[in-house]
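Undergrad: I have a structure here, written as structure tokens, and I will follow up with some questions on it.
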Amino acid sequence: MSLINPTEFDDLITRHQQSSDILWALKTWHHPVFDNKEQSIKSTQLINKTTQISSIITPVHYKTLPRNSEQIKFDVLNSLALKHTIDSLNIETAHGYDQAKAITQEMSHRLNIRTARFLAFIFAKIFNQVYDNIYIDHHGIDLIYQMYSLTPRNSSPVSPSSPITISSTLFAILNTFSRSSSPSDDNLSMNTLPSPLTSKHYLTSPRIIYLPTHRSYMDFIILTYICFEYNIPMPCIAAAQDFLGLGLLANLLRNCGAFFIRRSFRSDLLYWTIFDEYVKTHIINGDYPIEFFIEGTRSRTLKTLLPVRQGMLKSCLECYFRRQVDNLILIPITINYEKVLEDNLHANELLGVPKPKESKGGLLKAAQILKKSFGKMIVRFSEPIYVHDAYEMFKLNDEKQTNDQSDAFNRSVPRTLQPRSICQQDAFTDAEQRFTDELSYRIVNEHQSLTVIYPITVAAFTFLNTSNNRSVSIDQLLTDKKTLFLDNTGVAEHFSSHYQISWPVENERNCLKQRLLTIYSDVFECTENNHLT
């Protein structure tokens, strides 16, 4: 066990209290990969990179990317997979495309920086009001900087490993014939840029997939907020279609990158094809990072137990299995709330009260939370999971277990040669499905290992272990904390090897009592003999 060390984190609340929120929201913000403006040397080199493969000199440009919302919808509607699905369903072509246009229009995001600035300002005000601290992991931000070939704040840039495959080589060769060098390329010396065959630089923007925990509605906002803060490309976020009932807020979320999908659509092949193509076109073209919740819905118990939803992960992985991309980078993120905004709502749902529908009226009623304090939020990033490395390791272990060296010849048609015009819901082989399951549980395990334990957890343990379940002393809380995390460290480490606890360091007894009474004023009272009831 270790205490949270504030020096390892940035506190966004403290930072914003020292400056103007409106000036912060209007700050200069440039996409670190695609914008050729006021960037670091590394960013400029990535945009106008001169790549040498054998004897071929290939300038790689990103000036036409990222695609806007209309271009993405156009690519989805004109995909071969959608055409094949409409033909296979025996739908009249015109009627089928009308349905597809309506679904795509309802689903798609309209990510733009203007709305992001507006919401950044609004939520800066909200966060400053309801949270004491928002701690962001230094190390995780530096890792993301390195993936985009930006200079980390406290270290030299290191390029992430990425395999040079046949697809990446073909991509570079095609660029030789389809793109021409710009005058600005001449300013870059070929000698200063090593060959990707030795340096393993990305030939395209890294395909990053964020996988945060899902505890609160705030999860949809916080990662975009962090990306805006640190000048990192903002992600496209998979959100449930229920949020369309929020009216204006739904439009704001759509303009900040949210795309809305049904909770269940496995039986609707047309909808599945559009969803599958929509996700894949983002991955293949590398326009934006993708963010989705592998739990599928908010965890009412604030615990991640199972990877409930694999459909989104499968769509992403299929791009790799078909060698449409060289690699995928999965980044599990644990968002630790001392108290979630929907605390009472979650308690009611666990008692059997039906979940209220998302609506404008409910949103207005929720405005009263601005009068409360919700303590700390701590965002921790896992080490990136490189799918290429994970899959190669999986195949190696699988061969050792089965003693079968001919796995590559068990399929009549290799995965990379299957027609991409056909959208199949269950196209994974047994090995690919086992790898997906293993990867899903690995993500969940990473979530668990980055969990931060707050005093309320110890308080709940103590109340559940008292005879009357109604009153405990502050001294008993301190004793139980020692019992749980000092005397029995082996038990806690069985569940997590990197767990940390957020606990008062100075004046422990008084600070602990004050914190519980402030954040959980609707739960606890303090008696004259220093007992919590």
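The values are calculated or read from the model by the stated rules, or taken from the named source; none is laboratory data. None of the values given here were measured: they were computed from a predicted structure. No Cβ is skipped: glycine too gets one built from the backbone with ideal geometry, and neighbour counts run over all protein chains shown. With ligands, DNA and RNA removed, areas are computed over all heavy atoms of the protein, side chains included. Shrake-Rupley method; radii C 1.70, N 1.55, O 1.52, S 1.80 Å.
Undergrad: Given the criteria open to solvent by 40 Å² or more (accessible area, probe 1.4 Å) and touching a His at 6+ places or on another chain (Cβ under 8 Å), does ASN128 qualify? Spell out how you get there, then give the answer.
TA: Working: open to solvent by 40 Å² or more (accessible area, probe 1.4 Å): yes; touching a His at 6+ places or on another chain (Cβ under 8 Å): yes.
So ASN128 passes the test.
Undergrad: Go through (1) hydrophobic (A, V, I, L, M, F, W, C); (2) at pLDDT 90 or above; (3) under 26 Å from ARG266 (Cα atoms) and name the single condition MET312 misses.
TA: Against the list (1) hydrophobic (A, V, I, L, M, F, W, C); (2) at pLDDT 90 or above; (3) under 26 Å from ARG266 (Cα atoms), MET312 comes up short only on (2).
Undergrad: Between a residue in region 364-393 that is assigned to a helix (DSSP H, G or I) and any residue that is aliphatic (A, V, I, L, M) and surrounded by 14 or more Cβ atoms within 10 Å (Cβ to Cβ), which pairs come within a Cβ distance under 6 Å, given they are 6 or more apart or on different chains?
TA: These pairs meet every condition: ILE369/LEU341; VAL387/LEU328.
Undergrad: Taking the conditions exactly as written (at pLDDT below 80, more than 30 Å from ILE122 (Cβ to Cβ) and open to solvent by 80 Å² or more (accessible area, probe 1.4 Å)), does GLN52 satisfy them or not?
TA: Judged against the criteria, GLN52 is a match.
Undergrad: Restricting attention to region 451-465, and to residues there that are within 16 Å of LYS376 (Cβ to Cβ) and surrounded by 20 or more Cβ atoms within 10 Å (Cβ to Cβ), which single residue is nearest to the chain's Cα centre (by Cα)?
TA: So the first thing to find is which residues in region 451-465 are within 16 Å of LYS376 (Cβ to Cβ), and the list is 451-459.
If we keep only those that are surrounded by 20 or more Cβ atoms within 10 Å (Cβ to Cβ) as well, we get 451-455, 458-459.
Values: THR451: 16, VAL452: 18, ILE453: 22, TYR454: 23, PRO455: 27, VAL458: 29, ALA459: 31 Å.
Step by step, filter region 451-465, then rank; the result is THR451.
Undergrad: Would you be able to say whether some residue in region 487-509 is at pLDDT 85 or above and exposed (fewer than 14 other Cβ atoms within 10 Å of the Cβ)?
TA: Looking for residues that are at pLDDT 85 or above and exposed (fewer than 14 other Cβ atoms within 10 Å of the Cβ), one finds none in region 487-509, hence no.
Undergrad: Another question, if that's okay. Scan region 98-152 for residues that are small (Gly, Ala, Ser) and either on the phi > 0 side of the Ramachandran plot or part of a loop (DSSP other than H, G, I, E, B) (or both) and report the count.
TA: Within region 98-152, the subset small (Gly, Ala, Ser) is 100, 102, 108, 116, 120, 124, 140, 149.
Then drop every residue that is not either on the phi > 0 side of the Ramachandran plot or part of a loop (DSSP other than H, G, I, E, B) (or both), which leaves 108, 149.
Matching residues across region 98-152 total 2.
Undergrad: Now a separate question. Considering only residues that are modelled with pLDDT of 90 or more, out of contact with any helix residue (DSSP H, G or I) (no Cβ under 8 Å at 6 or more places or on another chain) and more than 17 Å from ASP219 (Cα to Cα), which ones fall in region 252-272?
TA: TRP272
Undergrad: Being among the polar types (S, T, N, Q), over 14 Å from the mean Cα position of the chain (by Cα) and more than 18 Å from GLU70 (Cβ to Cβ): is that true of THR281 here? Show your work before the answer.
TA: Numbers: among the polar types (S, T, N, Q): yes; over 14 Å from the mean Cα position of the chain (by Cα): yes; more than 18 Å from GLU70 (Cβ to Cβ): no.
So THR281 does not fit the description; no.
Undergrad: If you check HIS95 against the conditions, is it outside any loop (DSSP other than H, G, I, E, B), modelled with pLDDT under 90, open to solvent by 80 Å² or more (accessible area, probe 1.4 Å) and not β-branched (Val, Ile, Thr)? Write out each step before concluding.
TA: Details: outside any loop (DSSP other than H, G, I, E, B): yes; modelled with pLDDT under 90: yes; open to solvent by 80 Å² or more (accessible area, probe 1.4 Å): yes; not β-branched (Val, Ile, Thr): yes.
In short, yes.
Undergrad: Moving to a separate point now. Starting from residues that are out of contact with any helix residue (DSSP H, G or I) (no Cβ under 8 Å at 6 or more places or on another chain), open to solvent by 60 Å² or more (accessible area, probe 1.4 Å) and hydrophobic (A, V, I, L, M, F, W, C), keep the ones in region 1-49 and report whichever is modelled with the highest pLDDT.
TA: In this case the residue turns out to be LEU23.
Undergrad: Just to confirm my filter: which helices (runs of 4 or more DSSP H) fall fully inside region 230-336 and include at least 2 residues that are open to solvent by less than 10 Å² (accessible area, probe 1.4 Å)?
TA: 269-285, 311-321
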